[in-house]
Amino acid sequence: MDDTTILEVDLDKIIYNTSQVVERCHRLGISVLGVTKGFSAMHQIVSAMVEGGVDGLADARLENIIELRKRNFNQEITLLRLPRLSNVETIIRYADTSINSEMTVIQALSETAESLGKRHNIILMVDVGDLREGLMIDQVLDAVMQISSLKGVRLLGLGTNMGCFGGILPSPENLGVLVTLVNVIEKKVGIKLEVISGGGTSSLSLVEKNNVPVGINQLRIGEGILLGTDTTHNRKIPWLLQDAFLLRAEVIEVKCKPSVPTGDIGRDAFGNIPQFIDKGVRNRAILALGKQDVDVEGIVPVKESIKIMGASSDHLILDITDCEEQIKVGDDVEFSLSYSGLLSVSDSSYVTKKFKRGIL
């Protein structure tokens, strides 16, 4: 591993953000699941979330959940990606709860849980407009009646997803649909549902304004805790910190070169036809960082005067002409990350992860 390309993680800032989210949500009777998929469930960061007060953990990758169990994280863990029929036994062994929308899978979970002497919790997902996973509203009651007859699973509640596919934002109206459904279910089926899970970071704007419908009692928070941002609303969350993560990469070349290549332009290494604007000769720096290391579109130079020109698999090309400070070979350039940038760099074996405490 090349230890000159570093993702630096400030654990105190993760703890701070977690505690702020938890405090605001708890005021409204909402529990918080700390979503660990955005950083590949690195145990140091998970521990910071736990220290910050999350009520449980959640991840979309079963591999991450297994690793957390091996590291003795005994918190309630929810699987956030719909289960596969091929791995229901592993899900029963390692996850307390899973989100579901397919009756065939739920029946398999029930049979497997019974055979193992366990009972698995189900959050039935409802599609209220984003068009990713979930039953349509008119299908929910029939599904609940079928689930209620199964012995190996327990219907813990209803949930929905927002902003991940269709970009639909949470609102009192669409989240209110879940509350109404639960009321109907409890009346007609005669069962009590403990959880109404109202989405993730995109729902924090409703928390701020105290506009969460009464009855919504769980949120699944990743991006807000990690980055202090809300991509769906295109904003920095003002009461959270945005600099818990910092990516550093080393400069390996500095040269003045024309801004437009010479010769016939074909496709680049990724099959795209690059386009260039002629800005004359520019001072450029190349970094030991490329698309194999990080989603380049998910990083932003900390110094606003530095601009990303493009990247190949192994090289990031920067325009440093307007930078106030001289940048030379061997220097580090720092970047903040979006959620997509964090997701990719966390999973990269080519980037060293370093953790620090005692800053706040």
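Of all residues in the range 316-360, count the ones that are assigned to a loop (DSSP other than H, G, I, E, B), open to solvent by less than 50 Å² (accessible area, probe 1.4 Å) and of a type outside the set (D, E, K, R).
Final tally of qualifying residues: 7.
Collect the residues in the range 140-150 that are without any contact (Cβ under 8 Å) to a residue 40 or more places away in the chain and either among the charged types (D, E, K, R) or open to solvent by 90 Å² or more (accessible area, probe 1.4 Å) (or both), keeping them in residue-number order.
Asp142 - this is the single residue of the range 140-150 that is without any contact (Cβ under 8 Å) to a residue 40 or more places away in the chain and either among the charged types (D, E, K, R) or open to solvent by 90 Å² or more (accessible area, probe 1.4 Å) (or both).
Val294 - would you say it is of a type in the set (Val, Ile, Thr), part of a strand (DSSP E or B), touching a residue at least 12 places away in the same chain (Cβ under 8 Å) and under 25 Å from Asp3 (Cα atoms)?
No.
Among the numbered criteria (1) in a strand (DSSP E or B); (2) modelled with pLDDT of 95 or more, which single criterion is violated by Gly310?
With (1) in a strand (DSSP E or B); (2) modelled with pLDDT of 95 or more applied to Gly310, the lone miss is (2).
I'm checking my understanding of the structure. Among residues of the range 11-23 that are surrounded by fewer than 21 Cβ atoms within 10 Å (Cβ to Cβ) and in contact with a Leu (Cβ under 8 Å, 6 or more places away or on another chain), which one is nearest to Pro238 (Cα to Cα)?
Per the criteria, the residue is Gln20.
Go through the range 112-130 residue by residue and tally those that are surrounded by fewer than 17 Cβ atoms within 10 Å (Cβ to Cβ) and assigned to a helix (DSSP H, G or I).
Residues in the range 112-130 being surrounded by fewer than 17 Cβ atoms within 10 Å (Cβ to Cβ) and assigned to a helix (DSSP H, G or I): 2 in total.
Hey, can you tell me all the residues within the range 267-299 that are closer than 29 Å to Thr231 by Cα, at pLDDT below 95 and either among the small types (Gly, Ala, Ser) or crowded, with 16+ Cβ neighbours inside 10 Å (or both)?
Listed by number, the list holds a single entry, Gly271.
Got at least one residue in the range 300-321 being in contact with a helix residue (DSSP H, G or I) (Cβ under 9 Å, 6 or more places away or on another chain) and among the polar types (S, T, N, Q)?
The answer is no, given that none of the residues of the range 300-321 is in contact with a helix residue (DSSP H, G or I) (Cβ under 9 Å, 6 or more places away or on another chain) and among the polar types (S, T, N, Q).
Restricting attention to the range 297-307, report how many residues are in a loop (DSSP other than H, G, I, E, B) and touching a residue at least 12 places away in the same chain (Cβ under 8 Å).
Matching residues across the range 297-307 total 4.
The values are calculated or read from the model by the stated rules, or taken from the named source; none is laboratory data. Fair warning: this is a prediction, and the values are worked out from it, not measured in the lab. Virtual Cβ from ideal backbone geometry, glycine too; neighbours counted across all protein chains shown. Accessible surface areas use protein heavy atoms only, side chains included; no ligands, DNA or RNA. Shrake-Rupley method; radii C 1.70, N 1.55, O 1.52, S 1.80 Å.
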